[in-house]
1. Please express the Cα-Cα pair-distance distribution P(r) of the chain as a list of whole percents, one per 5 Å bin, running from 0 to the bin with the greatest distance.
2. Are there any trypsin sites (Lys or Arg not before Pro) in the stretch 198-244 that are in a DSSP loop and have at most 16 other Cβ atoms within 10 Å? List them by number.
3. 5 Å is the cut-off here: which amide hydrogens, built 1.01 Å from N in the peptide plane, fall below it relative to Phe64, excluding neighbours closer than 5 in sequence?
4. What is the Cα centroid distance between the stretch 1-34 and the stretch 221-286, reported in whole angstrom?
5. In nm, give the distance between the simple-model label positions of Leu132 and Asp6, each being 7 Å from the Cα along the Cα-to-Cβ direction.
6. How do Ser56, Ser133 line up, fewest other C-beta atoms within 10 Å first?
7. For the chain, what is the calculated [θ] at 222 nm in deg cm²/dmol (nearest 500), taking -39500 (n - 2.57) for each run of four or more DSSP H residues and dividing by its residue count?
8. What is the log10 of I(q)/I(0) for the stretch 140-266, computed with the Debye formula using one identical point scatterer on each Cα and no solvent, at q = 0.14 Å⁻¹?
Amino acid sequence: MAIIIDGRRIAKEINESLKIKVESFINQHKITPKLAVIVAGEDPASLFYVKMITKSCERASIDFEKHSLPSETSEKEVLKLINGLNKNKKVSGIIVQVPLPPQINQERIQEAVDPSKDVDCFNPINMGRLALSKPLFLPCTPYAVFELIKRENITIEGKHTVIVGRSNIVGRPMALILLQKKQFANATLTICHSRTKDLSYFTRQADNLIAAVGKPEIIKEDMVKDGVVIIDVGTNEVEGKLVGDVAFREVVNKASLITPVPGGVGPITNVMLMQNTLKAAKKLVN
């Protein structure tokens, strides 16, 4: 039976430390870090996520500024708003919630966010810096996974890590982080995706398995070896319940460590967004 990693506990520990750092920053500089969030349209998942960000900001003593735009908003209007936030010295970090309405080009919007305020790390400049192991920020979900790896003392170097998923949000940046020449990295990696033939051939070889493909319970018991460490990043709604990319009830009997869904990586992700916002605020005053 695996040890189940409590992501909520880890998130609480990080936030307690972060709040002290934020309050120290406020006392020193007389400025409160502020996160600005742009939401275009009424996508339910986006609105729920923004609600969670609001709570995270409150817990970390970070100011929150929401810009709600109607779904018919033009790309030009969004770019104008971003330009204003880029220039606003009271705004530390900016995130643009996706998905965006179809008339708005997501790539152009992400490129418009000042890299020094791009706390979601979607600007291609920041992704390029990450590829060169010189990141300004780490993308929040991979950052959460990496923080979990460190806090649970999971061995990466000398082990075979398999990442299932190659998205720009999780899979690709996760690989770049684990390839860095640093403690809890130096990974030997295999990346699998939707075009990988015989997925189970690769997952059975994994000492560490990171599932981030967005397919409910695609990783079954017979697809992993005994003692595997599993980090499940997937969040999928099935019959009104959240499940991961891993069939938790099956695999928990074979793994040595495993994250649940919900309550695993998710709670840590928003705290890492707060970490990035504080880091951006420090860059702004310097």
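The numbers here are math on the coordinates, done by the rules we state, and not lab data. All of these numbers come straight from a predicted model, not from anything done at the bench. Positions of Cβ are backbone-derived with ideal geometry, glycine not excepted, and every protein chain shown enters the neighbour counts.
1. Calculated P(r), rounded to whole percents: 1, 6, 12, 16, 18, 16, 13, 10, 5, 2, 1, 0.
2. Working: sites: Arg204, Lys220, Lys225, Lys241; in loops: Arg204, Lys220, Lys225.
Here the sparse-neighbourhood loop sites are Arg204, Lys220, Lys225.
3. Leu35
4. 18
5. Result: 4.3 nm between the two label points.
6. Numbers: Ser56 23, Ser133 13.
With the sparsest Cβ surroundings first, the list reads Ser133, Ser56.
7. Values: 10 runs with 118 residues, N = 286.
Computed mean residue ellipticity for the chain: -12500 deg cm²/dmol.
8. Reported log10 I(q)/I(0), two decimals: -0.52.
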